[in-house]
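Remarks on the structure that follows.
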Amino acid sequence: MVDLVQFERPSYQDEAVTGFLKTLPEGTYEGLFNPEGRGIPDVAAQGDRFSIVLAGVSRLIGGTSASSPTFAGLVALLNDARLSQGLPPLGFLNPLLYTKGLEGFNDILVGHNPGCGTEGFNVTKGWDPVTGLGTPNIMELQKLIVDTSQKQ
């Protein structure tokens, strides 16, 4: 059997991941994931049909190669908003996202991720292993992180 203990679950994920795991029937996909480990992903972003120019030719791409830079760009905009208010940059985001930041995400409630010979996990209310906390709502996140009463 493969050792599934790759990464311990950080404490800031405990409530979200444990909440999801409680929704699963006992034994679901036993041996295919580590129910004690880190929950992934933390967040999702639109990642399909991104228009790029490669070698002078317009084409569409998708997947993590599109969504990861998109989310990074949104974080840069959030840092810019904080700096313009005299606040420090965000730094390590994850604990913030799982607490105060929850309100700044669109929860995805339809879909699943088939694989490994299974139907995969379903998305559900709150954190799930398909879309994490959901997709970012930049306007809501900006309101949350520029709250000058709470310097990060």
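For the chain, return all DSSP H helices satisfying: extent of Cα atoms along own axis at least 15 Å; mean Kyte-Doolittle hydropathy at least 0.0. Show your work: numbers first, answer last.
Working: long enough: 64-84 (30 Å, 0.54).
Counting only whole DSSP H runs, the qualifying helices are 64-84.
Given a Förster distance of 41 angstrom, what is the FRET efficiency for Q6 paired with Q85, based on the Cβ-Cβ distance and rounded to 0.05?
The value I calculate is 0.60.
Can you pull the percent of the stretch 74-152's accessible area that's carbon plus sulfur, 1.4 Å probe, other chains left in place?
Looking at the stretch 74-152 in its full context, I get 57 percent from C and S.
Would you count, across the chain, every pair of lysines whose alpha carbons are under 21 angstrom apart, provided the pair is eight or more residues apart or spans two chains?
5
Calculate the FRET efficiency for F33 and L93 from the Cβ-Cβ distance with a Förster distance of 22 Å, rounded to the nearest 0.05.
The calculated FRET efficiency here is 0.40.
Compute, for K143, the solvent-accessible surface of its heavy atoms (probe 1.4 Å) with the complete set of protein chains present, and express it in square angstrom to the nearest 10.
Accessible area of K143: about 140 Å².
How high is the relative contact order of the chain, in percent, with contacts defined as C-alpha pairs under 8 Å that are six or more residues apart?
26 percent
So who's got an amide H within less than 5 Å of the one on F105, skipping anything under 5 residues away but keeping other chains? H placed 1.01 Å off N, in plane.
N137
So how far, in whole Å, is the C-alpha centre of the stretch 1-58 from the one of the stretch 100-145?
Spelled out, the Cα-based centre of one part sits 10 Å from the other.
Work out which chymotrypsin sites (Phe, Trp or Tyr not before Pro) in the chain are exposed loop sites (DSSP not H, G, I, E or B, at most 16 other Cβ within 10 Å) and give the longest gap free of them.
Details: sites that count: F7, Y29, F33, F92.
Excluding the exposed sites themselves, the longest stretch runs over 93-152.
Using the basic label-point model (7 angstrom from Cα toward the beta carbon), what is the D107 to R49 distance in nanometres?
2.7 nm
Residue separation times 0.36 nm, minus the C-alpha to C-alpha distance between I138 and L60: what's the value?
So the chain would gain 25.7 nm between I138 and L60.
Would you mind working out the accessible area per residue for the stretch 1-101, using a 1.4 Å probe, and quoting it in Å²?
Values: 6620 Å² over 101 residues.
Spelled out: the 1.4 Å probe surface of the stretch 1-101, per residue, equals 66 Å².
The values are calculated or read from the model by the stated rules, or taken from the named source; none is laboratory data. Bear in mind that the values here come from a model prediction, so they are computed numbers and not experimental data. All Cβ positions, even for glycine, are placed from backbone atoms using ideal geometry, and neighbour counts span all protein chains on display. Calculation scope for accessible area: heavy atoms of the full protein, side chains included, ligands and nucleic acids excluded. Shrake-Rupley method; radii C 1.70, N 1.55, O 1.52, S 1.80 Å.
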